[in-house]
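I have placed the structure first, in the form of structure tokens, so that the comments after it can refer back to it.
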Amino acid sequence: MVIELPDGPWWDWDIVAWDPGRLRLGSGHDISYAHCLELVFSNPVFVTCPSFFHDPVFRAPTSNEVRLIAGQVGEIPPVLIAFEADAGGPSLASGLVAAGQLDIVQGTVFRYWRENLGVGERLAPWVIPPA
């Protein structure tokens, strides 16, 4: 599976949230204060992914990656995504995500407290309103 992202400045990426049922990657041109795109993987069963990376190139998984997932999980899940990206090291980092479903969600997600959110805007999961 190859991801087709909507047009946008999707340079910076990080893991926004990760729990046993969902992996959420966020992206934007500068994710210091907000991001505007999320890849939401439901029921992730295998994940190798840098915590912060730049300019990923998404591609179809190789036959070796497919065999790895089949050996680890026992089957090939509906979603199998591979990519290479700049993670700050001397060479590109590889990512591989196997999951039950992928949703691509657009909308501004603020990474700090903010009142009066507009249509399509929300707060990141860790942002707690002041008491």
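Can you find a residue in region 71-84 that is among the polar types (S, T, N, Q) and farther than 19 Å from PHE41 by Cα? Spell out how you get there, then give the answer.
Going through region 71-84, the residues among the polar types (S, T, N, Q) turn out to be 72.
Next cut, farther than 19 Å from PHE41 by Cα only: none.
Within region 71-84, none of the residues are among the polar types (S, T, N, Q) and farther than 19 Å from PHE41 by Cα.
Let's see how each residue does on (1) loosely packed, with under 13 Cβ neighbours inside 10 Å; (2) closer than 25 Å to PRO125 by Cβ; (3) not hydrophobic (A, V, I, L, M, F, W, C):
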residue	(1), (2), (3)
HIS29	yes, yes, yes
HIS35	no, yes, yes
SER42	no, yes, yes
ILE69	no, no, no
GLY89	yes, no, yes
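Just to be sure before I move on: is ILE104 more than 15 Å from the chain's Cα centre (by Cα) and either loosely packed, with under 14 Cβ neighbours inside 10 Å or at positive phi (or both) in the structure I sent?
When the stated conditions are applied, ILE104 does not pass them.
Give me a count of the residues in region 90-121 that are free of Cβ contacts under 8 Å to residues at least 24 places away in the same chain and more than 15 Å from TRP13 (Cβ to Cβ). Talk me through it step by step, then tell me what you get.
Pass one, region 90-121, residues free of Cβ contacts under 8 Å to residues at least 24 places away in the same chain: 90-92, 113-121.
With the extra rule that they be more than 15 Å from TRP13 (Cβ to Cβ), the set shrinks to 90-91, 113-121.
Adding up the residues that qualify gives 11.
Give region 41-71 a look and list any residue that's assigned to a helix (DSSP H, G or I) and hydroxyl-bearing (Ser, Thr, Tyr), or say none.
Initially, region 41-71 is screened for residues assigned to a helix (DSSP H, G or I), giving 63-71.
Correct list: SER63 only.
We did not get these values from a lab; they are worked out from the coordinates using the rules stated. From a predicted model like this one, the values you see are computed outputs, not experimental measurements. FYI the Cβ positions are ideal-geometry reconstructions off the backbone, even for glycines, and counts take in every protein chain you see.
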